[in-house]
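Report on the structure given below.
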Amino acid sequence: MEGAPHFGALAETAAGLNQQMQAQLVWMAEVLSARWSALDRKFRRKLRELGLSSAQADSLVEITPGAAGKMLAAGRTLADFLEQVRYRGRRLAKLDLAPAQVVAALREFDRLLDEEGALRFGAREADLRWARNQLHFLVVLTLNDAYYQVREAESRTFYELFRAQTESRSLDALWERSLQILSSYSGAAEAGIFVCRPDGTWVAAAGLPGWKGKSLEVPRTARKRLAQPQVLMARGRGAGGVLVPQWREKYVSVWSVPMLEEGELKGVLQFAFPKPYEWLPRELALLQDAAARCWEAAEKARLLEELAERERQIRRLAEHMVEVEEAERRRISRELHDEAGQSLLYTRLQLEMLEQQTAGADPALHAKLHELRETVEHSILEIRRLIGALSPAVLEQMGLAAALRQLAARFRQMHPAEVRVQIPRKLELPRKVEIIVYRLVQEALNNAAKYSRASHVNLSVETADGVLRLDIEDDGVGFDVEEALSRPECYGLSGLRERVALLGGVLEVESVKESGAQREAKQAARGVAGMRHGTRIRVVLPLPSRGQEVPGRREPGPSRKAPGGSRRARRTR
């Protein structure tokens with residue numbers, strides 16, 4: 001094991017020790033054979049005075065020079081003794097006894113041994129002291145290895161629990177992974193997590209393939225017991241706290257660790273063992289801490305799942321609202337076309353007829369009718385423009401690429417600005433993506449026309465690697481983005497962002513507000529490298545993968561391709 005002395009290496013070192021040292025320890029054990037019981041009693045009494053428990057004393061007695069001498073005298077090897085030290089060292093670590101306390105206790109035994117040896121060892125006392133010092137060195141190294149293993153196992157358990165909490169994609173996955181980690185730490189044959197629902201019923205949440213998801217009957221008397229950590233016997237009294245009936249026949253002991261929230265029982269972790277098995281203090285402390293962390297992580301995971309579900313509901317509602325908005329736009333455009341548009345056309349026709357009839361009879365009336373007819377014609381043009389903006393027929397009939405070119409053409413006709421458009425010949429996209437991209441470009445061009453006073457506008461659309469990228473850039477006066485977003489009456493920019501968020505995309509707005517003098521200097525300095533000021537809107541939208549079913553997607557028609565099968569991007573001015 002990296003970072004700690006390996007026991008195999010220690011065993012080799014022990015095997016190569018001077019045989020004289022081992023002979024000295026055997027001789028010491030034979031000389032004190034009648035005094036070992038008295039020495040052990042004195043040692044245990046001293047350990048009680050130091051505040052150590054009987055369980056700690058049991059392990060300390062087994063790692064003294066006296067224990068080594070007795071094992072060697074019985075024909076066992078020094079490697080056997082060091083294996084015993086290693087086992088007892090792990091228990092002492094789990095009994096939460098500090099290494100310094102272990103060394104202090106062993107010194108107390110050496111002091112008692114010196115008192116006995118002063119009367120019995122005689123001239124060999126110096127040799128025995130040398131042998132004990134050598135043994136003490138090996139014991140300390142072995143204890144260090146044992147403590148390291150215990151602490152490393154605890155650290156690894158907490159690290160794996162942390163990974164499970166951060167990497168689990170669902171609450172079920174978190175329960176299962178956490179239970180697997182804690183089962184491995186405890187060495188349990190089986191384990192389960194049981195959770196109390198808000199309505200008071202209990203359910204198996206993890207482990208137990210045959211029981212997972214099933215409701216359990218937990219008596220009220222058992223719930224009080226389950227609120228405290230305890231080792232349950234699977235048979236006889238106390239077996240009611242064992243939540244899996246089959247365990248009462250299959251296993252002997254069960255560890256039960258509660259999951260609490262502000263003192264209220266929320267769930268239980270249980271670990272089953274085929275023999276009587278008591279936990280040690282550090283094992284209990286780790287399991288209690290792990291139970292608390294598991295419940296906190298589970299609550300976070302549950303809240304995140306609820307939040308994700310609410311976000312999905314909000315997104316579905318927002319998508320529905322967009323569909324309703326588009327349907328309402330189409331309804332209004334039909335109403336304008338069928339009602340107001342037709343009425344105005346009829347009015348224009350009647351005015352034109354009256355204008356012809358009054359051409360020579362009444363010049364003043366003729367002029368008034370001519371003026372009125374032109375006003376009606378202007379209204380007809382405005383209604384046609386509104387109908388096209390509300391529900392563009394070209395988007396329905398020709399697709400997004402043609403619709404975006406039409407938007408750019410209308411912008412050129414109505415505003416004194418140069419527009420550069422770079423888009424593929426065909427854009428085969430899901431219907432809802434086409435609508436949102438069209439509305440994004442429409443809103444951005446409207447904003448540029450109203451506020452930017454730009455002389456150049458660039459529009460670029462490209463699709464690659466499952467992503468659509470849209471760039472709209474102008475060299476206008478710009479604006480303060482943060483200020484615009486913070487104004488409650490500013491719906492255009494926030495509306496763009498919301499539409500992009502509907503499809504899981506990202507919208508970035510860069511703009512520099514400038515004065516008239518700065519604008520003139522900028523226009524004079526602008527070169528072929530492109531625009532360096534004004535406003536730039538960047539949109540990145542993820543596209544469904546090929547073969548993925550998308551609601552509302554229009555079946556693609558035949559398209560022309562450039563030689564080699566690749567589509568060409570056409571740049572128009």
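The values are calculated or read from the model by the stated rules, or taken from the named source; none is laboratory data. This one's a predicted model, so the numbers in the text were calculated from it and none came from an experiment. Every residue, glycine as well, gets a Cβ built from its backbone with ideal geometry; the counts of neighbours run over all protein chains shown.
What to note about this one:
- The set of residues in the range 33-52 being farther than 14 Å from residue 71 by Cβ and in a loop (DSSP other than H, G, I, E, B) consists of 34, 35, 50, 51, 52.
- Any hit, the range 233-253, residues being within 24 Å of residue 154 (Cα to Cα), at pLDDT 85 or above, buried (at least 17 other Cβ atoms within 10 Å of the Cβ) and not assigned by TED's automatic domain parsing to the domain that holds residue 53: yes
- Filter result for residue 94 (in contact with a Leu (Cβ under 8 Å, 6 or more places away or on another chain) and over 16 Å from residue 134 (Cβ atoms)): yes
- Within the range 423-460, being assigned to a strand (DSSP E or B) and either under 14 Å from residue 535 (Cα atoms) or free of Cβ contacts under 8 Å to residues at least 60 places away in the same chain (or both) holds for 456, 457, 458, 459, 460.
- On the stretch given as the range 128-155, residues that are charged (D, E, K, R) and either surrounded by 17 or more Cβ atoms within 10 Å (Cβ to Cβ) or not assigned by TED's automatic domain parsing to the domain that holds residue 90 (or both) total 3.
- Within the range 60-110, the residues that satisfy the criterion of being small (Gly, Ala, Ser), surrounded by fewer than 22 Cβ atoms within 10 Å (Cβ to Cβ) and part of a helix (DSSP H, G or I) are 67, 73, 79, 100, 104.
- Condition check for residue 53 on (1) surrounded by fewer than 16 Cβ atoms within 10 Å (Cβ to Cβ); (2) closer than 19 Å to residue 149 by Cβ; (3) touching a residue at least 12 places away in the same chain (Cβ under 8 Å): one failure, at (2).
Yes/no matrix, rows are residues, columns are (1) among the hydrophobic types (A, V, I, L, M, F, W, C); (2) under 30 Å from residue 504 (Cα atoms); (3) surrounded by 11 or more Cβ atoms within 10 Å (Cβ to Cβ); (4) modelled with pLDDT of 80 or more:
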site	(1), (2), (3), (4)
322	yes, yes, yes, no
336	yes, no, yes, no
341	no, no, yes, no
345	yes, no, yes, yes
350	no, no, yes, yes
358	no, no, yes, yes
366	no, no, yes, yes
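- Test: residue in the range 183-201 that is charged (D, E, K, R), assigned by TED's automatic domain parsing to the domain that holds residue 271, surrounded by 12 or more Cβ atoms within 10 Å (Cβ to Cβ) and within 16 Å of residue 242 (Cβ to Cβ): yes
- In the range 402-420, residue surrounded by the most Cβ atoms within 10 Å (Cβ to Cβ) [restricted to those that are in a helix (DSSP H, G or I) and in contact (Cβ under 8 Å) with a residue 40 or more places away in the chain]: 404
- Scanning the range 453-485 for residues that are in contact with a helix residue (DSSP H, G or I) (Cβ under 8 Å, 6 or more places away or on another chain) and within 28 Å of residue 429 (Cα to Cα) gives 457, 459, 461, 468, 470, 472, 474.
- Candidate set from the range 452-484 (those that are among the β-branched types (Val, Ile, Thr) and touching a Pro at 6+ places or on another chain (Cβ under 8 Å)); member that is surrounded by the fewest Cβ atoms within 10 Å (Cβ to Cβ): 467
- When the test is whether a residue is buried (at least 21 other Cβ atoms within 10 Å of the Cβ) and either part of a strand (DSSP E or B) or modelled with pLDDT under 80 (or both), residue 383 does not pass it.
- Taking the range 251-284 as the range and being outside any strand (DSSP E or B) and either within 27 Å of the chain's Cα centre (by Cα) or free of Cβ contacts under 8 Å to residues at least 24 places away in the same chain (or both) as the test, the residues that pass are 262, 263, 275.
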